[in-house]
Ligand code: ATP
């Protein structure tokens, strides 16, 4: 048996670094949204290892997909050394879109099927949180409030009837350095979570977009962020913001045609531009 999983990318509709947890980690207030841009991860039993043709993605045990194998084996006591993983990569790497976490979530869900372990969604999330803060969200997906380090999740009404353009500038952002820049920042402007939740819980995302923020945008410089947003605005985007610690900037459009035209113009100066839609799940799983 083979388990084939479409593992969806995420964007942040809110990312506020709210403070510090007692263990020194950053306390985050986030709204996460799964989008249709996905990696396809095939998992079967055979000669153990990872195959991935995408440059920059490791194929050794440092791949998040293999960390999922190790964490699953530890939690269940099973020997999973025969896990054979093929990753067809479409989500840009180190882009703020949680591509690695999505692959890790896909492998956990696939191993649960391949080994017939029937672990609950909660159990899989606990295992996922042990090797990646975004993995619990990627296992569940849709539109969610994510708190703490991203492991405390609650469902929100779906973001619907919009088309998204994801534009990744040709530069890399180190998440560690991005957090360091925020820590060194003098005065941080925070979002009003109470108001945002009031509006989001009613599905009123037009109001959420007026009040939301991504703290990283206040402290890190990303090439082309301003021109990308201005192209998006000119094509009628109702909102644009950076996702995660960047550098990807997304725009939200009510018209699919306008989104396509915007993507066309962005492609004149960027290589990595994707048109996609919100989706209500983190993983789409099939077996053959
Ligand atoms: P996040 O939004 O969760 O911060 P990201 O989108 O910024 O994630 P990823 O694409 O998940 O970043 O990966 C960051 C780094 O992790 C990559 O530069 C790569 O070297 C490494 N990595 C390990 N496994 C994977 C994987 N399966 N896919 C992509 N990158 C991986």
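Here, each number is a calculation from the coordinates, and none is a lab measurement. Everything quoted here is computed from the prediction, not taken from an experiment. Note that we place each Cβ from the backbone using ideal geometry, even for glycine, and neighbour counts take in every protein chain shown.
Exactly one residue out of 191, 180 is outside any helix (DSSP H, G or I) and either farther than 30 Å from residue 77 by Cβ or in contact with a helix residue (DSSP H, G or I) (Cβ under 7 Å, 6 or more places away or on another chain) (or both): that is 191. Set side by side, the residues 231, 249, 226, 222 differ, and just one is crowded, with 16+ Cβ neighbours inside 10 Å and more than 20 Å from the chain's Cα centre (by Cα), which is 231. Consider segment 67-103 and keep the residues that are farther than 22 Å from residue 179 by Cα and under 18 Å from the mean Cα position of the chain (by Cα). The one that is nearest to the ligand (Cβ to nearest atom) is 103.
Only one residue in 230, 240 is more than 20 Å from residue 30 (Cα to Cα) and not in a loop (DSSP other than H, G, I, E, B), so which one is that? Give the derivation first.
Details: 240 fails: more than 20 Å from residue 30 (Cα to Cα).
Going through 230, 240 in turn, the sole match is 230.
All told, residue 208 falls short of being buried (at least 17 other Cβ atoms within 10 Å of the Cβ), in contact with a strand residue (DSSP E or B) (Cβ under 7 Å, 6 or more places away or on another chain) and not in a helix (DSSP H, G or I). Out of 171, 182, one residue alone is touching a residue at least 60 places away in the same chain (Cβ under 8 Å), under 28 Å from residue 93 (Cα atoms) and more than 19 Å from the chain's Cα centre (by Cα). It is 182.
The residue pairs whose first member lies in segment 240-259 and is closer than 15 Å to residue 205 by Cα and without any contact (Cβ under 8 Å) to a residue 60 or more places away in the chain, whose second member is outside any loop (DSSP other than H, G, I, E, B) and within 16 Å of the ligand (Cβ to nearest atom), and whose beta carbons are closer than 8 Å, counting only pairs six or more residues apart or on different chains, are 240/249; 240/250.
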